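Here's the structure, in structure tokens; my notes come after.
The values are calculated or read from the model by the stated rules, or taken from the named source; none is laboratory data. Treat the numbers as computed from the prediction; the structure is a model and nothing was measured. Ideal geometry is used to build each Cβ from the backbone, glycine not excepted, and the neighbour counts take in all protein chains shown. Surface areas here come from the heavy atoms of the whole protein model, side chains and all, with no ligands, DNA or RNA. Shrake-Rupley method; radii C 1.70, N 1.55, O 1.52, S 1.80 Å.
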Amino acid sequence: MALKGLDIFKLSPKKNCKECGCPTCMAFSMKVASGAIELSKCPYFSADALASLSEATAPPMKTIKVGTGDAEQTLGGETVLFRHEKTFVSKTRYAAHLCDCMDEATIDAKIAKVAAVDYDRIGERMYTEMVYVNHSEEPKTDFVELVKKAAAIEGRVLIIDTKDVELAKAALEVSKDKKPILNGADASNYEAMSAVATEAGVVLGVSGKDINELYDTVAALEKLGNKNLIIDCGKNSIKEAYAIAVQFRRAAIKDGNRTCGYPSLVNAAVLAHGDKHLQAALASLFTMKYGSIVVVEEMDYATALPLYGLRQNVFTDPQKPMKVEPGIYSINGGDENSICLTTVDFALTYFVVSGELERSGVPCNLIINDAGGLSVLTSWAAGKLSSSSIAKFFEEQDIAGKIKNHKLVIPGKVAVLKGDLEAKMPGWEIIVGPREAVQLVKFLKDMQG
């Protein structure tokens with residue numbers, strides 16, 4: 001059960017020093033209890049108090065880090081079941097599937113495809129973050145060599161799947177510096193696998209023949225002192241994998257059962273082998289319900305574009321608008337003599353508009369007004385995008401003094417602002433632009449011609 005503010009206050013230093021940003025130790029304790037501030041913000045808790053409070057105030061789902069350097073990924077750390085309650089913390093990661101049951105040519109082709117999907121959407125890089133290497137019963141290639149080859153892929157976290165303890169040791173010998181996940185512990189080998197993973201300093205994946213055996217194996221590993229774990233939701237059926245993902249998450253969040261509080265791995269590549277459309281559907285399902293890692297046979301743009309868009313929507317904070325900083329953004333080498341365009345600070349609008357402007361090749365200045373992180377029509381209806389707000393922003397930022405070209409293109413959907421803007425911004429030529437961003441390329445080129 002989560003600690004209450006009064007429980008934390010009893011162990012607090014009671015100095016009321018305000019160094020944490022709170023007026024009193026009681027206020028600080030209440031914020032810690034609600035998750036609004038971290039216990040570490042107070043430098044005066046005794047070592048004994050910190051030891052007793054740290055685990056109790058930690059998220060019910062353990063935070064696990066895998067990979068190294070720029071490839072490091074964070075899993076878990078969740079505190080709610082539904083994103084409208086607060087926010088999800090660590091987004092679902094996607095892994096491409098390799099297997100020693102494949103021949104060399106197939107493996108090389110699949111490795112080449114790992115890097116095929118890599119693009120930016122609303123300021124976030126979209127790519128396949130992990131590579132999953134499976135050991136089969138009938139291998140065609142050397143498993144350790146395959147692990148070595150997969151570990152050489154830059155910027156990806158490696159997942160090694162084998163239940164063979166000796167093979168796991170050999171695989172980790174060539175890859176442990178990459179901090180991979182060793183996915184192979186079950187009721188038959190968990191002690192030996194835990195020793196191998198602990199010695200290498202890597203995360204251990206745990207599976208079971210059913211949900212009860214899985215829970216018992218995780219509990220046994222915790223008794224051994226290993227809490228650096230992820231839950232493998234199994235390969236038996238979609239129904240069982242879904243049940244494990246949901247029931248473990250509910251038990252951790254709602255019931256406070258920390259034995260269930262670990263990130264999860266869902267292997268859609270096995271659950272829907274050979275069916276890329278079902279794998280895409282499962283990846284979507286477990287992005288929402290509650291896969292920390294989802295493995296697919298391969299990621300292509302047809303799968304990635306809707307899937308990553310879904311993930312980005314699910315894993316943004318619903319209490320904070322997605323917005324960019326107001327200001328002047330030079331595009332295609334735009335300078336003081338380049339034409340100006342303006343739009344709102346809603347991140348999706350900004351990246352769509354700026355992308356089309358870049359595609360046009362026309363040097364220009366995109367001027368972003370503070371519109372509360374809302375879309376064009378929504379901000380106009382709410383009064384946050386108006387002739388007054390635009391004119392005020394231009395005056396405060398001294399846009400006229402910074403840019404000599406006083407042609408300003410406004411979004412076509414708010415053409416109604418043209419007259420008022422001309423009255424409030426003398427010296428500026430107000431031009432009504434197209435209604436849709438995709439029309440900007442032709443619009444700007446026609447203006448130049």
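Taking the numbered list (1) free of Cβ contacts under 8 Å to residues at least 40 places away in the same chain; (2) within 29 Å of Ala302 (Cβ to Cβ); (3) surrounded by 21 or more Cβ atoms within 10 Å (Cβ to Cβ) in turn, Ala152 passes all entries but (3). When the residues of the stretch 242-268 are filtered to those that are assigned to a helix (DSSP H, G or I) and in contact (Cβ under 8 Å) with a residue 60 or more places away in the chain, the one that is most open to solvent (accessible area, probe 1.4 Å) is Arg250. Residues that are acidic (Asp, Glu), more than 23 Å from Ser284 (Cα to Cα) and either touching a residue at least 60 places away in the same chain (Cβ under 8 Å) or surrounded by fewer than 21 Cβ atoms within 10 Å (Cβ to Cβ) (or both) do occur in the stretch 128-140.
When the stretch 188-233 is limited to residues that are assigned to a loop (DSSP other than H, G, I, E, B) and of a type in the set (Lys, Arg), the one that is most open to solvent (accessible area, probe 1.4 Å) turns out to be Lys209. The test for being within 22 Å of Lys323 (Cα to Cα), at pLDDT below 95 and aromatic (Phe, Trp, Tyr) holds for Phe394. The set of residues in the stretch 427-449 being part of a helix (DSSP H, G or I), under 39 Å from the mean Cα position of the chain (by Cα) and of a type in the set (A, V, I, L, M) consists of Ala437, Val438, Leu440, Val441, Leu444. Taking the conditions (1) over 37 Å from the mean Cα position of the chain (by Cα); (2) within 16 Å of Pro326 (Cα to Cα) in turn, Lys424 satisfies each one other than (2). Could we say that Ala170 is among the small types (Gly, Ala, Ser), at pLDDT 95 or above, surrounded by 22 or more Cβ atoms within 10 Å (Cβ to Cβ) and closer than 29 Å to Thr106 by Cα here? Answer is no for this residue.
Here is a check on your reading of the model: is Thr162 open to solvent by 20 Å² or more (accessible area, probe 1.4 Å) and of a type in the set (Ser, Thr, Tyr)? So Thr162 fails the test. Among all residues of the stretch 418-437, there is at least one that is without any contact (Cβ under 8 Å) to a residue 60 or more places away in the chain, at positive phi and open to solvent by less than 80 Å² (accessible area, probe 1.4 Å). Beta carbons closer than 7 Å, at least 6 apart along the sequence or on distinct chains, pair a first residue in the stretch 269-287 that is at pLDDT 95 or above and among the aliphatic types (A, V, I, L, M) with a second that is open to solvent by less than 60 Å² (accessible area, probe 1.4 Å) and assigned to a loop (DSSP other than H, G, I, E, B) for Ala269/Glu297; Leu278/Ala272; Leu282/Ala272. Here the condition is being touching a Cys at 6+ places or on another chain (Cβ under 8 Å) and farther than 30 Å from Glu78 by Cβ; of Asn337, Asn365, it holds for Asn365 alone.
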